[in-house]
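See below for the structure under consideration.
The values are calculated or read from the model by the stated rules, or taken from the named source; none is laboratory data. Since the structure is predicted, the reported quantities are computational estimates derived from the model, not experimental observations. Heads up, the Cβs are rebuilt from the backbone with ideal geometry, glycines too, and the neighbour counts pull from every protein chain shown.
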Amino acid sequence: MFDQLFSGPRAVHRYLSGPLLESRLQYLHHCRAQGATTATLRNIAFYQCAISRSIDLQVPRTFCVEQIRAGADRWTSRAPTHHARKNGDAGKVAFMSVAMGWLSFLGRVERAQTPECRALGSGLRTALMLPPDLANASYRPEPRAGGPRSLEDRP
């Protein structure tokens, strides 16, 4: 598949020699079957390599969202490789999106929080100065007054 996504032989070799080749390919085939474009598959492949460098996926275990977010933070806090890089927010969002999709596909995302994940969440809450009740709250925005309530209501 990588020879269809990348034209350069060095790039193809780099993706073929990376860790977790089989699981990366499985997810890419799954995404292609779901209708992902070549550009999207190329981005997923790129972020899969970044994820495998930032999170230890070699050990067969599950990860909580806070651990994945910590990996995204490590990856975005690395030295900039491009002069036009701003603050890394877009990269962090893409990292999280691909990581959650890929690891969920593999069944490696925890649904219930472990003590370790609760501690990570507590540390994030403290760093952001959030009240304790907000750490475990699910964010559900209120519908805007007078605005559409669902996609079916939109013109």
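State yes or no: is residue 69 modelled with pLDDT of 90 or more, more than 26 Å from residue 1 (Cβ to Cβ), out of contact with any strand residue (DSSP E or B) (no Cβ under 8 Å at 6 or more places or on another chain) and surrounded by 15 or more Cβ atoms within 10 Å (Cβ to Cβ)?
On the way: modelled with pLDDT of 90 or more: yes; more than 26 Å from residue 1 (Cβ to Cβ): yes; out of contact with any strand residue (DSSP E or B) (no Cβ under 8 Å at 6 or more places or on another chain): yes; surrounded by 15 or more Cβ atoms within 10 Å (Cβ to Cβ): yes.
Yes.
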Index of the failed condition, residue 78 passing every other in (1) part of a helix (DSSP H, G or I); (2) among the charged types (D, E, K, R); (3) free of Cβ contacts under 8 Å to residues at least 40 places away in the same chain: (1)
Within the stretch 72-88, restricting attention to residues that are at pLDDT 65 or above and hydroxyl-bearing (Ser, Thr, Tyr), which residue is nearest to the chain's Cα centre (by Cα)? 76
Identify the single condition in (1) more than 19 Å from residue 109 (Cβ to Cβ); (2) at pLDDT 90 or above; (3) among the hydrophobic types (A, V, I, L, M, F, W, C) that residue 51 does not satisfy, given that it satisfies every other one. (1)
Looking at residue 58 and the list (1) at pLDDT 90 or above; (2) more than 12 Å from the chain's Cα centre (by Cα); (3) on the phi < 0 side of the Ramachandran plot; (4) not hydrophobic (A, V, I, L, M, F, W, C), which single condition is not satisfied? (1)
